[in-house]
Every structure is written in structure tokens, then in C-alpha cells.
Amino acid sequence: MSLLVKTRFAPSPTGHLHVGGARTALYCWAFAKANSGEFLLRIEDTDQKRSSDEATVGFFNDLEWMNIDWDEGPEFKGSGGGDEGPYYQSQRLEIYKTKLQLLLDSGSAYFAFETQEELNEERKKARAEKRAYRYNRASLELSSETIEQYLSEGKPRVVRFKVPDGGPLTVHDSVVGDVTIERSEVDDFVIFKTDGYPTYHFAVVVDDGMMNVTHVIRGQEHLNNTFKHILLQEAFGIKPPVYVHLSLIFNPDGSKMSKRDKDKTLRKFVKENGIDSPPKGCITQDAWDLWQSSKDKQLGTQDASVLGKTLGITLPEINVEDFKSEGYMPEVLMNYLCLLGWSPGNDIEQFDAEFLVEHFSFDRVVKSPAKFDRAKLLAFNLDALQKLTSEEFASKLFVWCQEYAPEFAALENFSLFASANHERSKTYKDAIMTSQFLIEDDEAITWPESKPVKKALLKGEVTGLSRMPIIIECFTSLEEWTNETIDSCLHSLAESLADGSLGKVAQPIRIAVAGGPVSPPIVDTLVLLGKESTIRRLERCHEYFASTCDV
RNA sequence: GGUCCCAUCGUCUAGUCAGGUCAGGACACCAGGUUUUCAUCCUGGGAACAGGGGUUCGAAUCCCCUUGGGAUCACCA
């Protein structure tokens, strides 16, 4: 018995799961759940040149991180399974061949022998004449003897679908509405390639049909392809699914958000800064040369991120993995991505997966494209982080640190580190970015002579630096190094040295121990650092400025 | 260029299908305030129906045109 609703997400594993794909997967998942249906995952790896197993596992991990599970498909950590596999298209070749024979037998498909070069010539010509290119059906005119001969010679050939005569074609789309074109707009497209693999059009129709998919939810770039699909469905006698085409997601500048953005950012930076060889310990000279040889040669994902890190630039977040490593919560990315094209109404913007499943429907999906606004995502992440209890925050931050900042995960007093950073972090990464001094050696701290440093240490009638010896003395005399003792020490220091102004005392200390004007609340910072390090850093700072400046 | 899709504050959007509240919210921005730094937090503010025609007593909402943006036109998916 077939289900009322079965959606599917069918990525081709050519890279990482990017946010556009993630949103599509999310809508597929949510719609299936909302209607007590099933969500199917299928891997479209018929492009042998571009697919890889590594990328496929990456997709599984990204999906899992987003809390998107699938009822049917490749088996992975509790997701997947089902009776209508295999769920890798590369393993379904025999099925496609059988189905292809059906079309060949009925005359709905035919062999074609033109080379790519010949076809490209035709395309150029069409473009020059300002008309759309259509395959001219030359191979359809071939005699059966010629075809037999070519076939036995092993002449490279493809199989084309013969578009039957008839009237206009209409796609019924639940979001876009009805879309109609003239049948003459569709030419005899290729359904089987020279390498013996089916094209996307063929495989997707066969699989969706056999796997009883009821709703096809995908990006709007597929809208024009859908006419081919309904033609194929007609030839096979397959009932068309409900179609839903989603608008695209763009960068703030209006360009399409794509994997190439990282490459573009790197190129721009390298060019603007006149860097003409790979920085040390980064990427190989060969990789660099190849990359610089052409704009079409993109750097590998790994190389790109290493180069970005070395150059000290943040590459634009495009993939789900990027947001994970930047320290966003998966629930927040889910929430924000959903909002790009769908809203529950009633001025509700922040919600969880349960709410989504309860309220999701296509009649509230927007047709127009959306720009990805990182600032809003960041604001949502802050809100979500602040709603966590300190225990929840600490354990989530710990998991993140284990993967992306092990030196912080190894911190003795991790829970204090977490609570000291909870309120002031917009992402997990924020916590470690303003606490680098915690893992640095006491002797490695340096003090740049920036404005805030000078202001706290060297400006004013009584300078911060001049108070340092007394502060050191006071700290040294403390028998216990706790929140309370440090706090009372600080307050008495403020009373005696600066008319009760805590800032006058706290800020010089902060700069001395952190090497800069930013750190967690001062008491937390000092407890975290320990008495010994605190005093050592104060001393070093005092010596450094006393010897280099006129005080 | 052909075909198709889209159009409300800077951004995401509510309102459009069933025309009738100074077009609502969020993010961002600006101005104040709280705070031992940064970040939070609080208060207030400016900010949009792309343009032009219709239909109607009445149009963001329905129709047409223009303009702008986008997708696609592969043996990639």
C-alpha cells in the first residue's frame, strides 16, 4: 500500500551539503512529518566523474547534525533502510537498462550518434541566430541498417527520448502555480549517456516512480526540467507526483550563493595583497600553480580552508559544515533556514523542530528568492544560547571545543570557563576567540600599544601602571584564590586607589593578564588563570611598560 | 537571445487567494540609558507596497503594460 505522503531528498554528492540543499531537505523532512508520511534519501551519483564516497558520508553527517533523519534510504546511524533500494543510483544500473529497453521497444527512445563537438557547433549557430537550440533529430532519420552497423561497430552513442506530438505542457506546482509551455520548447533530450549511465532526467523519473514518491520538493532551477519529467512519466505510465519548486537563496549582494564563493574570496585577497606564492606550511606549490592557472580551477575544500586560515581571513560560510565549525547551534540554523521562504505567521519567528512539524505547509511558502542574512542568524544564535541553562551551555560548548578547540576542552576548570563566557557569546567560537590568553604561556603575553591599552595603563593623573605594584602586593597576600577573596581584594583596592571606581583597577589588570582590553568578567578571568599566572603576568606587564615608557 | 519564474522597509517577512484598521514583526541601522572591558540588556527613532495604466465607492491586494532581478537553454545534477 502506498503512503499518502512520501518526500525525498536526492542530492548528488559532489561537495558538501550547502545551505540551499539543507533548506530543501528540511522542507522535505518537515512536510513528511507534518503529514505522517515518510522521508526518503537517495544518492544521485550517476556522474562518475564528480561523485565520491567521502562526500556522501559528509552529507550524512551534515544531515544528522541538523537533526534531519530519514525513514528510507542508505543506512546511517539509525536512519535509512527500506524495501525499494538500492538507494544509490550507481547501483541501479540494471533497473535503468530494463526501463530503457521499454522505451526503445515502444519507439519512445532512439539512438543518436552525434559527437559533442558536432552538437556544440549547432548550439553556437543557434545562439548566433538568436534562437534556442533544439536537437535536430538527425539520428532519427538514420536507416535501421545504418543504426545496426554503428551499434555493432561500437560507435559512441547516446539514447534520446522522442518527444511525442501534442499540445502545450503544464506543470502543476503547489508553490509556483500552473506553469505552461509549448511542447516545441522541449527537444529530444538525452536519457542515456555514452558512458552507459542514465542522465538525471531518466533516473529521477524512474526512481521517484518506483519508490512511490508523492511530493517532489526541489530547487527552482529544476522547474524547466520538469516538463521533461512529465513527458517521461507519460511514456512510462507513471502518475506524476505533486511538484514544489523552491526559490533560490542568494548572497547579500544578490549573487547566487554557491560553493565558488570561497574560491572567489581567496582569489580576491591574494590578488589585492600581491601574494604570488603559497604561504609556508600551507598548500603545495603544484596545487597553487594549478589554482592560479585558471579561474575555473578551484582549490580543494581542505586546501581552501587551510589557506584561508593561514592568511587570516574568514571564508564565507556556505556549507552546513561551515556553520557548525563557526559555532552555530544546529537548531538555530534549522530555524533560520526555514524562515528563508516560509513563515508560520502571527509574528512568530523563533521556533523548534516540533513547532515546524506541527505548522509546516506549502501554502505559506514564498515564491520570491531570499538573501542569506548572517547578522540575523547570528542574532538568533545569541538568543538561543542565552536561553540555555548554564549546564546545557557548558556541555554543548564542551562538545564543540572537543572537535574545534581541543586546547579549551582540556581546560581544568571548564565549567567556569563556560559560565564566564555564556552571556557574552553569540557563537561557541566567540567563547574561545576572546579567551586565547587562557591557553597561552605566561611568558608569551605581549602588549600592543593600542589606544585602549594606553588609556588603561598610561593615561590619567594616576596611571593604571602606577597602581600595579600595590595590586600585585594585595594579590600576593591572598591565602585563598577564590571568587570571594579576589572580589573583596578588588573592591578594597578600588576604594583605596580610585575612589571606588572598579574600572580603574579592573581594566589595567585585564590588560596585563590578557594582553588586550577584552576578556571575560575580571574575577572569572583571574580565577581561571590562577594566582601564579595572574601575578606573573602583572609583573611582566609592569616591567615591560616601566622599561619602555616614561611613566 | 528564446522560454519560464519573481517583485512590500537595507534584509527576511505578515498582509494578497476570499479588495475596506495611520502596511505589522524580526534582524540591521541611528539616538539615548545600564554595565569593571568586550558582548549583552533596556528605551526611543527613521525606514517599504518598483513605475504606469485600468476594474472598483474603495487596490499592497484583481487585470494589462513597462522596468528590474533570477533560472534555464549539457552526454551536471
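The values are calculated or read from the model by the stated rules, or taken from the named source; none is laboratory data. Being a predicted model, the structure only gives us computed values, none of them experimental. Neighbour counts are summed over all protein chains in view; Cβ atoms, including those assigned to glycine, are modelled from backbone coordinates with ideal geometry. All accessible areas refer to the heavy atoms of the entire protein, side chains included, with ligands and DNA or RNA removed. Shrake-Rupley method; radii C 1.70, N 1.55, O 1.52, S 1.80 Å.
Among residues other than A:S184 whose Cβ falls under 12 Å from its Cβ, what is the net charge (Lys/Arg +1, Asp/Glu -1)? It works out to a net charge of -2.
Calculated on C-alpha atoms, the gyration radius of the range A:487-548 divided by its Kirkwood radius gives an Rg/Rh of 0.96.
Dipole orientation for chain A: of the candidates A:M334, A:I191, A:A112, A:A112 has the Cα lying most toward the positive pole (charges on Cβ; Lys, Arg +1; Asp, Glu -1). For the range A:460-528, GluC sites (Glu not before Pro) meeting the loop criterion (DSSP other than H, G, I, E, B) and having at most 16 other Cβ atoms within 10 Å: A:E461, A:E479, A:E480.
Using a 1.4 angstrom probe on the protein heavy atoms only, line up A:V57, A:V159 by accessible area, largest first.
Most to least solvent-accessible, the answer reads A:V57, A:V159.
Rounded, prolate or oblate, given the Cα gyration tensor of the range A:442-548, with a/c below 1.5 counting as rounded? It is oblate, given that a/c is not under 1.5 and a/b is not larger than b/c.
Couplings for the range A:239-256, taken from phi via the Karplus curve 6.51 cos²θ - 1.76 cosθ + 1.60 with θ = phi - 60°, read 6, x, x, 6, 9, 9, 9, 8, 5, 7, 10, 10, 6, x, 7, x, 7, 5 Hz in order; Gly and Pro are left as x. Accessible surface computed residue by residue for the range A:442-548, with neighbouring protein chains in place and a 1.4 Å probe, gives 48 Å² per residue. For chain A, the longest principal axis of the Cα atoms and the long axis of helix A:374-387 meet at an angle of about 60 degrees. Each of A:R364 and A:R183 was given a label point 7 Å from its Cα along the Cα-to-Cβ line. The distance between the two points is 4.1 nm. The lysines whose alpha-carbon is closer than 16 Å to the alpha-carbon of A:K268, local same-chain residues fewer than 8 away aside, are A:K259, A:K295, A:K297, A:K309. By its C-alpha gyration tensor, with a ≥ b ≥ c as the square roots of the eigenvalues, how is the range A:287-369 shaped: rounded for a/c under 1.5, else prolate for a/b larger than b/c, else oblate? It comes out prolate by the Cα gyration axes. With the simple spin-label model, which puts each label point 7 Å out from Cα in the Cβ direction, the A:S488 to A:E129 separation comes to 9.5 nm.
Need one word for chain A: rounded, prolate or oblate. Basis is the Cα gyration tensor (sqrt eigenvalues a ≥ b ≥ c); a/c below 1.5 gives rounded, then a/b vs b/c decides. Prolate, because a/c is 1.5 or more and a/b exceeds b/c.
Once the 1.4 Å probe is applied to the protein heavy atoms, the range A:4-51 comes out at 32 Å² accessible per residue.
Checking every one of the trypsin sites (Lys or Arg not before Pro) in the range A:283-323 against DSSP loop status and a limit of 13 other Cβ atoms within 10 Å picks out A:K295, A:K297. On full extension, the segment bounded by A:K155 and A:S293 gains 46.2 nm, given 0.36 nm per residue less the C-alpha separation.
Mind checking the angle between helix A:226-236 and chain A's longest principal axis? C-alpha axes, 0 to 90 degrees, to the nearest 10. Value to nearest ten degrees: 50. Accessible area per residue for the range A:220-291 is 54 Å², calculated with a 1.4 Å probe on protein heavy atoms, without ligands, DNA or RNA.
With a Förster radius of 51 Å, plug the Cβ-Cβ distance of A:D441 and A:L248 into 1/(1 + (r/R0)^6) and report the FRET value to the nearest 0.05. So, using R0 = 51 Å, E works out to roughly 0.55. Solvent exposure of A:H222, expressed as accessible area, is near 40 Å², computed with a probe of 1.4 Å over the protein chains only.
Normalised by the residues of chain A, what does the relative contact order come to in percent, with Cα pairs under 8 Å and at least six apart?
Once normalised by length, the contact order is 12 percent.
Computed from Cα atoms, the angle from the helix A:53-65 axis to the main principal axis of chain A rounds to 60 degrees. Counting protein heavy atoms only, chain A has 49 percent of its accessible area on carbon and sulfur, 1.4 angstrom probe.
Relative contact order for the range A:442-548: 35 percent, from Cα pairs under 8 Å spaced at least 6 residues apart, divided by residue count. Give the cross-link partners of A:K454 among the lysines, using a straight C-alpha distance below 19 Å as the criterion and excluding same-chain residues fewer than 8 apart. Candidates past the 8-residue exclusion: A:K504. Cross-link partners for A:K239 among the lysines, with Cα-Cα distance under 19 Å and sequence neighbours closer than 8 places in the same chain left out: A:K6, A:K99, A:K228. Extending 7 Å from Cα along the Cβ direction at A:K396 and again at A:D383 yields two label points whose distance is 1.4 nm.
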